[in-house]
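Peer 1: Before I ask anything, here is the structure I am working with.
The values are calculated or read from the model by the stated rules, or taken from the named source; none is laboratory data. As the structure is a prediction and not an experimental result, all values here were calculated from the model. Methodologically, a virtual Cβ is constructed for each residue, glycine included, from the backbone with ideal geometry; neighbour enumeration extends over all protein chains shown. Surface areas here come from the heavy atoms of the whole protein model, side chains and all, with no ligands, DNA or RNA. Shrake-Rupley method; radii C 1.70, N 1.55, O 1.52, S 1.80 Å.
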Amino acid sequence: MTCTTTPLKPSVLQTLAFLPLRWLGAVLFCGLTAAAGAQTPTAKPPATTPVAQAASNSSAATATFAGGCFWCVESDFDKLPGVLSTTSGYMGGSSANPSYEQVSAKGTGHAEVVQVVYDPAKVSYERLLSYFWHTIDPTTKDRQFCDSGSPYRSAIFAHGPAQLKSAQESLKALEKTKPFKEPVVTQVVPASAFYPAETDHQDYYLKNPLRYKYYRTSCGRDARLKQLWGDLAGK
């Protein structure tokens, strides 16, 4: 049997340290892939870069969101009709071509982001904004669920004046209608250079479904979203 090496979030490693030994062995064995047996998921076609995707579809537009772990943000946006492609990566930092290790060490200033290429004829930017709010916790600074630090801050990176205006208006509307008491701390800023993440991080939820599910559940993401948004969570 050949086991492949795929990355684990620091928060997952911390959680694993407290698992009973028999659970730990099951979780780590071949990165959880052996437990899946023959049920190997079919990944979506390899993602092109957002620029290349947009070029191949003259009507396509690009949006960029930071919502904590990009594995989860990518998974969420892939479910939304009208989205053509998603690419995990880094934005908002000071150095070029950062690695996952450098970003995770909190030394580059980048956030984990997902760049979304979408068809405006099928889904509006305003719909993307609404969906984004309902898939994150906008009340925590430099943190999303179990992941803490500036790489996990929530932010909307606007591509151009029109997106910036829409994002700012969406933020103001949310502040008036939010179903929770805490203030909204999500940033709305102009987009900067985007650097795609390493191949291992692209489509992570499809390549490593059991490990991804364990991470998402143990991180408390969906439970917190339900607490914040109620029936609007993930919608």
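Peer 1: Select from the stretch 177-235 the residues that are over 25 Å from H110 (Cβ atoms), in contact with a Leu (Cβ under 7 Å, 6 or more places away or on another chain) and either open to solvent by less than 50 Å² (accessible area, probe 1.4 Å) or of a type in the set (K, R) (or both) and list them in ascending order.
Peer 2: F180, A233, G234
Peer 1: So, of the residues in the stretch 88-103 that are within 16 Å of S192 (Cα to Cα) and part of a loop (DSSP other than H, G, I, E, B), which turns out to be least open to solvent (accessible area, probe 1.4 Å)? Write out each step before concluding.
Peer 2: Restricting attention to the stretch 88-103, the residues satisfying the condition of being within 16 Å of S192 (Cα to Cα) are 88-98, 103.
Checking which are part of a loop (DSSP other than H, G, I, E, B) leaves us with 92-98.
Details: G92: 32, G93: 36, S94: 107, S95: 43, A96: 68, N97: 118, P98: 10 Å².
My answer is P98.
Peer 1: Restricting the stretch 145-167 to residues that are closer than 22 Å to G109 by Cβ, outside any strand (DSSP E or B) and out of contact with any helix residue (DSSP H, G or I) (no Cβ under 7 Å at 6 or more places or on another chain), which is most open to solvent (accessible area, probe 1.4 Å)?
Peer 2: Restricting to residues being closer than 22 Å to G109 by Cβ, outside any strand (DSSP E or B) and out of contact with any helix residue (DSSP H, G or I) (no Cβ under 7 Å at 6 or more places or on another chain), the top hit is H159.
Peer 1: If you don't mind, there's one more thing I want to ask. Looking at the stretch 179-213, which of its residues are assigned to a helix (DSSP H, G or I) and under 16 Å from the mean Cα position of the chain (by Cα)?
Peer 2: T199, D200, H201, Y204, Y205, L206, K207, P209, R211, Y212, K213
One line per residue, one yes/no per condition, for (1) hydrophobic (A, V, I, L, M, F, W, C); (2) in contact with a His (Cβ under 7 Å, 6 or more places away or on another chain); (3) closer than 21 Å to T217 by Cβ; (4) touching a residue at least 40 places away in the same chain (Cβ under 8 Å):
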{"position": "S59", "(1), (2), (3), (4)": "no, no, no, yes"}
{"position": "E74", "(1), (2), (3), (4)": "no, no, yes, yes"}
{"position": "S88", "(1), (2), (3), (4)": "no, yes, yes, yes"}
{"position": "G92", "(1), (2), (3), (4)": "no, yes, no, yes"}
{"position": "G109", "(1), (2), (3), (4)": "no, no, no, yes"}
{"position": "T140", "(1), (2), (3), (4)": "no, no, yes, yes"}
{"position": "A155", "(1), (2), (3), (4)": "yes, no, no, yes"}
{"position": "K172", "(1), (2), (3), (4)": "no, no, no, no"}
